[in-house]
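Read through the structure below, which is laid out as structure tokens, and then see the notes.
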Amino acid sequence: MHILVYLKLSPEIINLLISEPEVTPPWTGLHMTILRANILEEHIPLIHKAFEKICIEYFTVKIIGIKTFEKDGACTHVLALSKPRALQELHMNICTALAPFDKRPFFFEKSFHEIGGRYYTPHISIGYKENPPRLIHTYTGMTIPYKAFHVMTKFCKESPWEHMRDYFLSSTSDI
């Protein structure tokens, strides 16, 4: 079973991005990925308990520009995002919570050391063609407030992603 932990975008930013003729959203929809892993279905209750213990304050992310990631000749064009301390802590807490349950511990560990932890680069994927999409709107400087993280799952490669649960962050007065 695949699990995707992510942050939703504001409706305003989603509406702007889907109005862009050259933007190609990922098959999971427009979002910011925190972590993806492969788990056993029977571990879901334990993962829920671990996620419920995460105590991170609300935070805001800023769009800082457009970036291109290249891997094995394929390009992914993204809106690069700031990485506030609370987002970094959330990412690390989710990595720690999911690590014991990943079906491929070597792959999880390798991925963590290559793209996780201090290498985590928050972004919104907007295109997969050779050249970056030309954008009508200016996104740099826009902010997205976050008060929750979300989980999607799918059972196999061919099955659709399904929303599983929301986990709410804490206001300063809750901590």
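In the list LEU81, LEU135, which residue meets the criterion of being modelled with pLDDT of 95 or more and either small (Gly, Ala, Ser) or over 17 Å from the mean Cα position of the chain (by Cα) (or both)?
Exactly one residue qualifies, and that residue is LEU135.
Could you check segment 35-93 and list, in sequence order, the residues that are acidic (Asp, Glu), within 28 Å of CYS156 (Cα to Cα) and touching a residue at least 40 places away in the same chain (Cβ under 8 Å)? Step through it out loud before you land on a result.
Quick first cut of segment 35-93, residues acidic (Asp, Glu) only: 41-42, 52, 57, 70, 72, 89.
From the residues that got through so far, the ones that are within 28 Å of CYS156 (Cα to Cα) too are 41-42, 52, 70, 72.
GLU41, GLU52 - these are the residues of segment 35-93 that are acidic (Asp, Glu), within 28 Å of CYS156 (Cα to Cα) and touching a residue at least 40 places away in the same chain (Cβ under 8 Å).
Return only the number of the condition from (1) modelled with pLDDT of 95 or more; (2) in a helix (DSSP H, G or I); (3) surrounded by fewer than 12 Cβ atoms within 10 Å (Cβ to Cβ); (4) not aliphatic (A, V, I, L, M) that HIS113 does not satisfy.
Here HIS113 meets the rest and fails (1).
Which of the numbered conditions does ILE39 fail, given that it passes all the others? Conditions: (1) modelled with pLDDT under 95; (2) under 18 Å from SER125 (Cα atoms).
Of (1) modelled with pLDDT under 95; (2) under 18 Å from SER125 (Cα atoms), only one is false for ILE39: (2).
The values are calculated or read from the model by the stated rules, or taken from the named source; none is laboratory data. Quick caveat, the model's predicted, so the values are computed rather than measured. When we count neighbours, we look across all protein chains shown, and the Cβ atoms used for this are built from the backbone with ideal geometry, even at glycine.
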